[in-house]
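Just so you know, all these numbers are worked out from the coordinates, no wet-lab data involved. Just so it is clear, the model here is predicted, and its values are computed rather than measured. Note that each Cβ is placed from the backbone with ideal geometry, even for glycine, and that neighbours are counted across all protein chains shown.
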Amino acid sequence: MGGAELGSPGQGVPVQGNAELGELALRGTGSGVAERGELPLGAVGAGEAGLGRSGLGESESGRPVHAGLDLAGIRGWLAAQRAAGTGRTTLARRSAAARTFTAWAHRRGYLSSDPGARLVAPRRQRTLPSVLRQDQAAELMRASQSGAAERDPVSMRDLVILELLYATGIRVSELCGLDVDDVDMDLRVVRVIGKGDKERTVPFGLPAQRAVRDWLTDGRPLLAAAHSPPALLIGARGGRLQPSSVRRIVHDALTAVPGAPDLGPHGLRHTAATHLLEGGADLRSVQELLGHATLATTQLYTHVTVERLRAVHDQAHPRS
């Protein structure tokens, strides 16, 4: 294989045939030495699979050879893994690892050029999130209202959790971080501190407003203690409710909805975004409501709605 040769400055160094190119770079990155340009040459030869299996850096007899690492060789290494069924996300990670390794080898003089600099990584696989149908979301709220109607404080709190997660699409950490003063009942908005301490205002509807008002009036006072923080949501002992508890509450509530996927709080966030788009909301507005840094993240939900439309078309259209 023609191209840059891997070796010590001025002479070749054998590369062990069982070394995985990606693992070499990852090991260096993991210890922090790759960022400093100090990935140890002894790392070459580490690893159990990948590079050897793909044939890169290994002779037909399986004995170490002088590796002429070039762009075609790295692409072949990745292609062999792709053919073996390796996922796109893993391939993207290994491509990044290969670029880290070749950049280090070039800086240290073991490669006369950096073939990884011209390597284009495959896009990571974006899997479509599972979401509730609108009728399933409505059934979830109806089932949760029964306990709240009996004025049980825990049931009232749980209804607030479900209503706010679905109405606003906020993250579970943002929900648990809400204080009572962060909720404006008249304007029907919550003030949320999101990732990077960025503040945004998110509206909610009348059902969520009723649930929050009932909780604040009749539910929260029964659970609050002298040591309770100003948190909107508190546990049975009066402390701020934790995300792990919210995840359990959401999972348990969904068991009452026949045919519903097993989702957590983030699944309700996905559901809220999908239903907003299905209802005609524009991407920019949904991006702002969810607190996404880029529009590309929000665009994932357009694929969900298209998949649903396609499924409906396949079922209903006579020439589908």
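Brief remarks on what is shown
- Anisotropy class of region 135-263 from Cα gyration tensor, a/c 1.5 cut: rounded
- Two-site label geometry, ALA138 and VAL120: point separation in nm, points 7 Å out along Cα→Cβ: 4.7 nm
- The ASP314 and ALA92 beta-carbon pair, evaluated with R₀ = 35 Å, returns a calculated FRET efficiency of approximately 0.65.
- Approximate spin-label separation ASP282-ALA84, in nm, with each point projected 7 Å along Cα-to-Cβ: 4.9 nm
- Residues LEU276, LEU283 in ascending order of nearby Cβ atoms (within 10 Å, fewest first): LEU283, LEU276.
- Segments 259-268, 133-142 sorted - mean Cβ within 10 Å per residue, highest first: 259-268, 133-142
- Inter-site label distance for SER173 and ARG213 at 7 Å from Cα along Cβ, in nm: 3.3 nm
- Neighbour-count order for ILE161, ILE234, fewest beta carbons within 10 angstrom listed first: ILE234, ILE161
- Likely footprinting exposure, THR168, THR201, fewest C-beta neighbours within 10 Å first: THR201, THR168
- Between THR294 and THR255, full extension at 0.36 nm per residue minus the direct alpha carbon distance yields a gain of 10.7 nm.
- Extension gain, ASP152-ALA236: 0.36 nm per intervening residue step, less the Cα-Cα distance, totals 29.1 nm.
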